[in-house]
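Report on the structure given below.
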Amino acid sequence: MGGMSDSPAPLADPHIAFDTSEGRRDIVILGSTGSIGTQAIDLVERNPDRFRVTALSAAGGRPGLLAAQARRLGVRAVAVAREDAVPALREALAEAYGSEPRPEILAGPDAATELAASPCHTVLNGITGSIGLAPTLAALEAGRTLALANKESLIVGGPLVKALARPGQIIPVDSEHAALFQALRAGTRADVRKLVVTASGGPFRGRTRAELAEVTREDALAHPTWAMGPVITVNSATLVNKGLEVIEAHLLYDIPFDRIEVVVHPQSYVHSMVEFTDGSTLAQATPPDMRGPIAIGLGWPHRVPDAAPAFDWSTASTWEFFPLDDEAFPSVELARHVGQLGGTAPAVFNAANEECVEAFLSGRLPFTGIMETVTAVVGELAAPAGGTRLTVPDVLEAETRARARARELAAKATAEARA
C-alpha cells in the first residue's frame, strides 16, 4: 500500500480545496431540465445567499420549463442543444418575461460547451451521456470548479480529463462518489485498502438471468428507490450504471480495479464505503436524495445546511447488504474489463450501451439483449490502449463505430426474433 504515494494524484482529492471562498458563488447548470438540474435549482433557490445561477443549458425538449427556470433565476444566457428547439424556446421566454429583457439564447451542439467556459465559479455538468465530454473539458480548461454529475465524460475521456484537471478542481456529484469523497477524508491515500461502491440492485434484484428475459420497459423504469431519467434508470436496472461508477471511482481516486468492490444495498441509505488498512470501514449515509451530493458539488469545502433530509434515528430501520450476482448482471465485470483496457475501450462500452438502451426503450431490443449486444460490440471493437496519447477525435471515432455496430446487431436481433 505504501507504493500509492508514488502514483498520480487522484482527480478528486477531498483533502485539497480548489477554492475555499465562502462568498456567493456563480453557477452554470448544464442539463437544467433533467433530474440533477431541477434538484440543483431547488437547492440554489433555498440558498440565495450562497449561490447564483448565471446560465442554463438543456437539450431543448422542455422549452417551457427552461424558460420558467431562466425567469426565476434571472440568468444571462440559456442554451439548447437542438437548434430546432429555438422557436419554441423564444415563444416560452416571451411568455415568461413579457416586456422585460430576456436572456441570450445559444443553440447547437456546442452551446453547452460555450456556457461551460463562460465566467462563473462552478459548472455543474448534469448532462446525460458522452455528449458531456466537451463541456467537461471546456470547464476544466477555463479554470472553473467542475461539479461532475456526467460520469460518461470522465469514463470515455479519462486521460483527456486527467491532463486538464488541477488538484481539487473536480467535485463528484454521483451519490456514490460524493460518499467516497467524504469518507476518504478520514485517512491518507496510503491508508486506503478498498473502495466499496453500493448498488440498490435496481428493480430486478434477486432475479436470475432467465427471469430477466421477459422484462418490459415499464418494469425497467420502475426503480425502487431513486427517481431518475429513463436512460439512467435503465442503466441502473442492468447495473451498467454501477459498472460505469467502478471505472469512475478508479479514475477519480486512483485506486486499482481489484480494490474497488460492488455490494448490493437495497435501501440505498449507505451510498458507499471506504475500508482502511487498520480494518476500519467508514460509510457515508443519508436517505436517498440527490440534493445532498449536489450540495457537496456546489459548496465544497463548505457544507450547505439542510441541503437534504437527515435520518430520523428514533424510527427503527433495517439495512441489508448482499453480494453482487455477476451471472445475472455481467455489466460490472465487463466494465472492469474495458476500464483495464483503457484507451477508447470505455468509449466503445458506453456508446454501445447508449444505443442499446435507446433500442430497448423503443421496443426494438429485449432487456437481456442490452448486455448481450454491448458485450458483442466490446468483443469486436475494444482493444488495449496503444502507446499514442488519446485524443477527442479518437473518442468520437470509437463511439461512432460502436454505435453503428450496436445498431446493426440490435436490428439483426429484432429481425431474428420476428422470423
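Each reported figure results from applying straightforward, stated rules to the coordinates on display, with no laboratory input. Quantities reported herein were computed from a predicted structural model and do not represent experimental measurements. When we count neighbours, we look across all protein chains shown, and the Cβ atoms used for this are built from the backbone with ideal geometry, even at glycine.
Details
- Between segment 350-419 and segment 258-285, the Cα center-to-center distance that results, in Å: 31 Å
- Inter-label distance for Arg259 and Asp219, nm, one decimal - labels placed 7 Å from Cα along Cα-to-Cβ: 4.0 nm
- Of the chymotrypsin sites (Phe, Trp or Tyr not before Pro) in segment 277-381, those whose Cβ has at most 13 other Cβ within 10 Å and which sit in DSSP loop: Phe311, Trp313, Trp319, Phe321
- Formal net charge of residues neighbouring Ala142 (Cβ-Cβ distance under 12 Å; K, R +1; D, E -1): 0
- With one equal scatterer per alpha carbon and no solvent term, the Debye-computed log10 I(q)/I(0) for segment 342-419 at 0.13, 0.18, 0.19 1/Å reads -0.38, -0.65, -0.71.
- Peptides 331-340, 40-49 ordered by average Cβ neighbours within 10 Å, highest first: 331-340, 40-49
- Kirkwood Rh and Cα Rg combined as Rg over Rh, evaluated for segment 96-152: 1.05
- Charge context of Val234, other residues only, Cβ under 11 angstrom, K/R +1, D/E -1: -2
- Between segment 292-323 and segment 8-63, the alpha-carbon center distance in angstrom: 18 Å
- Between Ala190 and Asp312, full extension at 0.36 nm per residue minus the direct alpha carbon distance yields a gain of 40.4 nm.
- Packing-based ranking of 256-268, 388-400 yields 256-268, 388-400, ordered from highest to lowest mean Cβ neighbour count within 10 Å.
- Nonlocal amide H pairs with Asn47, under 5 Å, H built at 1.01 Å: none
- Segment 263-419, Rg to Rh (Cα coordinates; Rh as Kirkwood inverse mean 1/r): 1.08
- Subtracting the Cα-Cα distance of Asp42 and Thr20 from 0.36 nm times their residue separation leaves 5.6 nm of extension gain.
- Amide H contacts under 5 Å for Gln284, placed H, 5+ residues apart: His271, Ser272
- Under 10 Å, Cβ to Cβ, from Val348 - net charge with Lys/Arg +1 and Asp/Glu -1: +1
- What the Cβ-Cβ distance of Glu380 and Asp326 gives, at R0 = 30 Å and to the nearest 0.05, is a FRET efficiency of 0.85.
- Over the chain: helical MRE at 222 nm, DSSP H runs n ≥ 4 each giving -39500 (n - 2.57), nearest 500: -13000 deg cm²/dmol
- Relative contact order %, the chain, counting alpha carbon pairs below 8 Å whose residues are six or more apart: 16 percent
- Overall form of segment 19-165 per C-alpha gyration tensor (a/c, 1.5; a/b vs b/c): oblate
- Charge dipole (debye, nearest 20) of the chain; +1 at Cβ of Lys and Arg, -1 at Cβ of Asp and Glu: 600 debye
- Longest to shortest principal axis, alpha-carbon extents of the chain, angstrom: 60, 59, 53
- Rounded to whole numbers, the Karplus 3J(HN,Hα) couplings from phi for segment 61-77 are x, 10, x, x, 5, 4, 5, 5, 4, 4, 5, 5, 8, x, 6, 8, 8 Hz, using 6.51 cos²θ - 1.76 cosθ + 1.60 with θ = phi - 60°, and x at Gly and Pro.
- Under-23-angstrom lysine pairs by C-alpha in the chain, whenever the two are 8 or more apart or on separate chains: 6
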